[in-house]
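Read the figures in this text as sums done on the coordinates, not as results from a lab. As the structure is a computational prediction, the values presented were derived from the model and not from experiment. Please note: Cβ atoms are built from the backbone with ideal geometry, for glycine as well, and neighbour counts cover all protein chains shown.
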Amino acid sequence: MLVSLTVGKVDAGVAVLLTEDKRLIEFPSVLLPPDISSGSIVDVTVSRNLTSESLAASKFAALQDTIYRTFGAHSPSAPVLRCRNATQTSVVLEWDAIDFATSELRSLSLYRNGQKAGNIPRPRDMMSTKISGLAVDTEYTFHLVLRTSAGTFSSEKLTVRTHKMTQLSGITVSPGIMPASLLTSLKETIDRMGARMIEGVRIDTTHFVTTEGRGRDWEKAVEMNVPVVVPDWVKGCEREGRIVGVRGYYLNADPRLRQMGTPTQGQPPPPPPQQQQGSQEQLPVRPRTPIQSPRTEVTPPTPDQPHPPVQMHAPTSAPIQEAEPPSTSSSVPQQSRPEHEADTSTLGGETLAEKRASLEDDDDDENDELSTNGNGDTGKDEDEDYARQRELAEGALSKARGRADEGAAQGAPAQAQGQEEAGDFDEVAL
C-alpha cells in the first residue's frame with residue numbers, strides 16, 4: 001500500500017506530515033531522507049510482516065510456559081502432623097519438612113481443640129514442639145495451619161490422650177555421668193518399666209538422670225528446664241508402679257524426703273523429720289504453783305530491849321514469841337515503890353504496859369494483812385509492803401522510845417523525893 005504525504009514541518013526529532021484530507025501525522029524525522037524540507041512530498045509503503053508476527057507469537061508462548069512451570073506447577077504442601085511422645089502432663093508433636101515451593105511463608109500456627117495455641121517460631125527450621133501443662137488422662141485434638149502467599153493449607157487433625165499416673169511408657173530418660181554398673185542397672189530397670197532411654201538431651205527428654213552435676217548434657221538439661229534426678233527416682237517409679245514426685249530425688253535434695261515405700265495397712269506414715277524433732281524436744285509441763293511471799297513480823301520494844309529485832313520467815317513457821325521481862329525472883333529483892341511512882345512513869349495517861357499491848361495489836365493487824373495478801377502479790381508489791389512495814393515499825397519504836405525516856409526523866413526526881421520523905425531504904429537479903 002502506497003501513501004503520499006506532504007511534509008509540513010521538520011523538527012530535530014519529529015516531522016509533521018499532512019494527508020490529502022488535511023490530517024496531521026507525527027513521523028520520526030530520522031526515517032525521512034536527509035534533504036527533506038517543508039513542502040516536500042514523500043511516499044510511504046505500508047505492508048504486514050507475517051513472518052515476524054509468527055516468530056513473536058511463538059516466543060511469547062514459550063515465556064508463558066516457563067512462568068507456569070516455575071511458579072504454577074508446584075504448590076506448597078500441607079503439614080503432616082504426628083505425635084512423638086506423650087506423658088501425663090505433656091505432648092511432643094512433630095511434622096515433616098514443609099515444601100513451600102516458590103511461595104512466601106506467612107505463618108505456621110498450632111491449634112488445640114479448635115482454638116489457636118500459638119505460632120511456631122522459625123517454621124523453616126523447627127519441625128517439632130512440646131505442649132506442657134496438660135491434664136492427666138485427657139484427650140486433646142491438634143492440627144497445624146500453614147499460611148503462604150500461594151494460599152492457606154491445613155494439616156489433618158491429630159487426637160492424643162495423655163497418660164495415666166500408672167502408665168510409665170511415656171518416660172524418656174537421658175543418662176548423664178554415673179558409674180558403669182549403675183548405668184547397666186538403670187537400663188535394665190527402664191526396660192522392665194517399658195520406658196525409653198536416649199542419648200543426649202532432646203525436646204522429648206522427660207528426665208535427665210545423673211549422679212554428678214557437670215557435663216555438656218547436664219548444662220543443656222538445665223537450660224531446657226528438664227528435671228535432673230538421681231537414679232533412685234527410676235527405682236522409685238518401678239517400686240511404686242506409678243510416677244513419683246521428683247522433689248526428693250533432685251541432685252542436691254535431702255534423701256530423707258524420698259518415699260521409700262508404701263506404708264503398710266494400719267500403720268500411719270512417719271511424720272516429717274522436723275515434726276519428729278519437735279516432738280522429741282517437747283517436755284512435760286508441770287503446773288506452776290504460786291510462790292508465797294515471806295511474812296514480816298515486828299517484835300514490839302520492851303523496857304529491857306531498846307532495839308526490836310526484825311525477822312522474816314515463811315508463813316508456815318511458828319510465830320515469834322515476845323521476850324518475857326526478867327523474873328522477879330532474883331537473889332536481890334526488888335525495892336518497894338510508892339503508889340505515886342506508877343503515876344510518874346506515864347506520859348499522857350498511858351503506861352508502858354498499855355503501850356506495849358497497843359503495839360502488839362498493831363503488829364497483829366499488820367501480820368494479818370500481810371498473810372492475806374502474801375500469796376497474790378508480785379515481787380514489786382512485796383518490796384513496797386516490806387518497806388512500808390519497816391517504816392511503820394521504826395516510827396512506832398522511835399515514839400515509844402521517846403515516851404519511855406521522857407517518863408523516866410520525870411519519874412526519877414519524884415522517886416528520889418518520895419524516898420527522902422519516907423526515909424525508906426532498900427533491904428538487901430543476906
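Going through the stretch 157-258, which GluC sites (Glu not before Pro) have at most 11 other Cβ atoms within 10 Å and a DSSP loop state?
Sites meeting the loop and neighbour criteria: Glu199, Glu212.
Calculate the FRET efficiency for Val14 and Asp65 from the Cβ-Cβ distance with a Förster distance of 45 Å, rounded to the nearest 0.05.
The computed FRET efficiency comes out at 0.70.
Which lysines have a Cα lying under 22 Å from the Cα of Lys164, excluding residues fewer than 8 positions away in the same chain?
Partners found: Lys130, Lys235.
Assuming R0 = 22 Å, what is the FRET efficiency of Ser181 and Arg247, from their Cβ-Cβ distance, to the nearest 0.05?
Numbers: r = 27 Å, r/R0 = 1.22.
Working from the Cβ atoms, E equals 0.25.
Can you pull out the GluC sites (Glu not before Pro) in the stretch 90-143 whose DSSP state is coil and whose Cβ has at most 12 other Cβ atoms within 10 Å?
Glu104
Short version: ³J(HN,Hα) in whole Hz for each residue of the stretch 214-228, in order, from phi by Karplus 6.51 cos²θ - 1.76 cosθ + 1.60 (θ = phi - 60°), x for Gly and Pro, what are they?
Ordered by residue, 3J(HN,Hα) equals 7, x, 5, 5, 5, 5, 5, 5, 5, 5, 8, 6, 8, x, 9 Hz.
Starting from the Cα of Lys9, draw a straight line to each of the lysines and keep only those under 19 Å, dropping any in the same chain fewer than 8 residues away.
Lys22
Calculate the spin-label point distance for Met224 paired with Arg192, positioning each point 7 Å from the Cα along the beta-carbon direction, and give it in nanometres.
Taking the two extended label points, one gets 2.8 nm.
For the stretch 52-65, in order, what is each residue's ³J(HN,Hα) by Karplus, 6.51 cos²θ - 1.76 cosθ + 1.60 with θ = phi - 60°, in whole Hz (x at glycine and Pro)?
Running phi through 6.51 cos²θ - 1.76 cosθ + 1.60 with θ = phi - 60° gives 5, 5, 5, 5, 5, 5, 5, 5, 5, 5, 5, 5, 5, 4 Hz.
With unit charges on the beta carbon (Lys/Arg positive, Asp/Glu negative), name the residue among Leu183, Val244, Met197 whose Cα is farthest towards the positive pole of the charge dipole of the stretch 172-262.
Val244
Quote to one decimal, in nm, the extra length available between Leu392 and Glu53 on full extension: 0.36 nm per residue of separation minus the C-alpha distance between them.
Length gained between Leu392 and Glu53: 107.3 nm.
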